[in-house]
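As C-alpha cells, the structure follows; a few thoughts come after it.
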Amino acid sequence: MTGKKWILTGQEGYDASLELVDSEISTDVGPDDVLVQLQAASLNYRDLVIAKSDGGAAGSITPNVVPGSDGAGMVVAVGSSVTGLSPGDRVITYLAPTLSPSDENVLPGFADIVAGLGQRVDGTLANQMVVTQHGVIKSPSNLTPVQAATLTCSGLTAWNALFGVSGREIKKGDWVLVQGTGGVSIAALQFAVAVGANVIATTSSEDKAERLKELGATHVINYNETEDWGLVAKGYTPGEKGVDMVVDVAGNSSLIQSLAAVRTDGIISLVGLLGKFDAGAIPMMSALWRPCIVRGVLLGSRKQYRDLVRFVEDKKVVPVMDDVVFGLEEVKEAYKRLEEQNHFSKIVIKIEE
C-alpha cells in the first residue's frame, strides 16, 4: 500500500524543489520511535526560507527530506522503548525532536532547529511519519487535528514570548502589542485575551483590522497609515506609560517602534525576521534610554509545550486558521499563498488517509 509525501530535491525555491512522490506505507518502527498517521499540517515562514536557502542562512537539508514541522495525527505504532504513548493517541509534533529529553525545561538553540523536522529530519507534509518519541506530545483534547496542527511552531513561540520569563508572565490587565496577522501574532493575541490582557495590534488593512477586533484586540493601528505606530501604541496605555510586552515579528525593521512602545522595564520578545534585513542599524542604544528586556525567542521547551496544551484545554482556546484550507496535493499552492502574504494566521493542509 502506498501513500504520498512531498520531498525537497534541493533549495532553489519551493516551485523548483518541492516534488510529490509515492511513499510506501509501513508499520515498522525502531525501539524509540513512533509511527504517526498524519491528519493535518501547517506552514511557517521557516518552510519558505528552507526551500529557497540553497544552504544559506537557514542551513542545508538532508537530501530529499520531507518538509514541514507542524503536524497533528494519530499514533499507529510505538517502539519497544516508548513510554507514555500508545496506538490511538492523538498527537502534535515538536519541531526539535533531537533536543536532549533529559531536561524538559531546556530551550532549543538554532542548531536544534536546523536539525529538526522538515530540514534534517523528515517532516509533516506526508501521509505518515516515523519520528522519535521526543518529537511528539499528546494533542489538546478540545481541538481537531486541523486546529491542533497550528500549535507546533507559532503557538509554542507565542506561548514562550508571553509566559517564558518566570515571574513576568502576562496576566490580566497587562498591555500587549502584537504585530501583523501571521501565526505567531494571532496566537499571542488569543493567549493574551484568554488571560484578560489588553491587546494592541497592528495591521495593513481595514479588513484585517476588523478581524483583529473580533478576536479581542482593544486597539488596532494601521502601520501603513501611521509612521510612528510605536508611540501611538504607547499612547493607548494608562498614563501613556507603554506596553508591558511587545511580540516583535519583524526584527530590524520594527525594533525601533517596539522600543518606542514598551514601558520602562517591559519586555520585547523578538520572535521573527519578517521585516527587511537591510533596514539599517539595529537601534539597541534606544534600549538605554528606555531600559527594558529585549529577549530572543526561538520556539520553546517541551515543558512549555505541555503547559500550552493544558492552557488551550483549560481556556478552551480554538486557534484561528486561514480561510483557505489546502489538501496534501495542493502544497505548492499553500506555499505560494504564504509567500504572497495573502493569508490570515495559519495556513493549514488537511491530510486525508
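Within segment 200-221, the residues that satisfy the criterion of being outside any loop (DSSP other than H, G, I, E, B) and either among the small types (Gly, Ala, Ser) or out of contact with any Phe, Trp or Tyr (no Cβ under 8 Å at 6 or more places or on another chain) (or both) are Ala201, Glu206, Asp207, Ala209, Glu210, Leu212, Lys213, Glu214, Val220. Applying the set (1) open to solvent by 20 Å² or more (accessible area, probe 1.4 Å); (2) touching a residue at least 40 places away in the same chain (Cβ under 8 Å) to Ala58 leaves exactly one unmet item: (1).
Based on what the data block shows, is Leu298 open to solvent by 20 Å² or more (accessible area, probe 1.4 Å), in a helix (DSSP H, G or I), farther than 22 Å from Leu215 by Cβ and among the hydrophobic types (A, V, I, L, M, F, W, C)? It is false that Leu298 is open to solvent by 20 Å² or more (accessible area, probe 1.4 Å), in a helix (DSSP H, G or I), farther than 22 Å from Leu215 by Cβ and among the hydrophobic types (A, V, I, L, M, F, W, C).
Summed over segment 156-172, the residues that are touching a strand residue (DSSP E or B) at 6+ places or on another chain (Cβ under 7 Å) and surrounded by fewer than 23 Cβ atoms within 10 Å (Cβ to Cβ) give a count of 2. Of all residues in segment 72-100, those satisfying the criterion of being open to solvent by 40 Å² or more (accessible area, probe 1.4 Å) and touching a His at 6+ places or on another chain (Cβ under 9 Å) are Thr98, Ser100. The single condition among (1) in contact (Cβ under 8 Å) with a residue 60 or more places away in the chain; (2) open to solvent by less than 50 Å² (accessible area, probe 1.4 Å); (3) over 16 Å from Leu259 (Cα atoms); (4) outside any helix (DSSP H, G or I) that Gln190 does not satisfy is (4).
Can Val312 be described as closer than 22 Å to Val91 by Cβ, modelled with pLDDT of 95 or more, touching a helix residue (DSSP H, G or I) at 6+ places or on another chain (Cβ under 7 Å) and open to solvent by less than 90 Å² (accessible area, probe 1.4 Å)?
Values: closer than 22 Å to Val91 by Cβ: yes; modelled with pLDDT of 95 or more: yes; touching a helix residue (DSSP H, G or I) at 6+ places or on another chain (Cβ under 7 Å): no; open to solvent by less than 90 Å² (accessible area, probe 1.4 Å): yes.
Answer is no for this residue.
When residues in segment 5-49 are screened for being in a helix (DSSP H, G or I) and among the basic types (Lys, Arg), 1 of them pass. Restricting attention to segment 6-20, the residues being in contact with a strand residue (DSSP E or B) (Cβ under 7 Å, 6 or more places away or on another chain) and open to solvent by 70 Å² or more (accessible area, probe 1.4 Å) number 2.
Looking at Lys346, Lys350, just one residue is among the basic types (Lys, Arg), at pLDDT 95 or above and closer than 18 Å to Val247 by Cβ, and that residue is Lys346.
Mind telling me which of the residues Val36, Val29 ends up being at pLDDT 95 or above, of a type in the set (A, V, I, L, M, F, W, C) and either within 24 Å of Asp112 (Cβ to Cβ) or in contact with a Phe, Trp or Tyr (Cβ under 7 Å, 6 or more places away or on another chain) (or both)? The match here is Val36.
Taking residues in segment 135-146 that are open to solvent by 60 Å² or more (accessible area, probe 1.4 Å), and partners anywhere that are assigned to a strand (DSSP E or B), the pairs with Cβ atoms closer than 7 Å and at least 6 places apart or on different chains are Lys138/Arg90; Lys138/Val91.
The values are calculated or read from the model by the stated rules, or taken from the named source; none is laboratory data. Everything quoted here is computed from the prediction, not taken from an experiment. Methodologically, a virtual Cβ is constructed for each residue, glycine included, from the backbone with ideal geometry; neighbour enumeration extends over all protein chains shown. Ligands, DNA and RNA are excluded from the accessible area calculation, which covers all protein heavy atoms including side chains. Shrake-Rupley method; radii C 1.70, N 1.55, O 1.52, S 1.80 Å.
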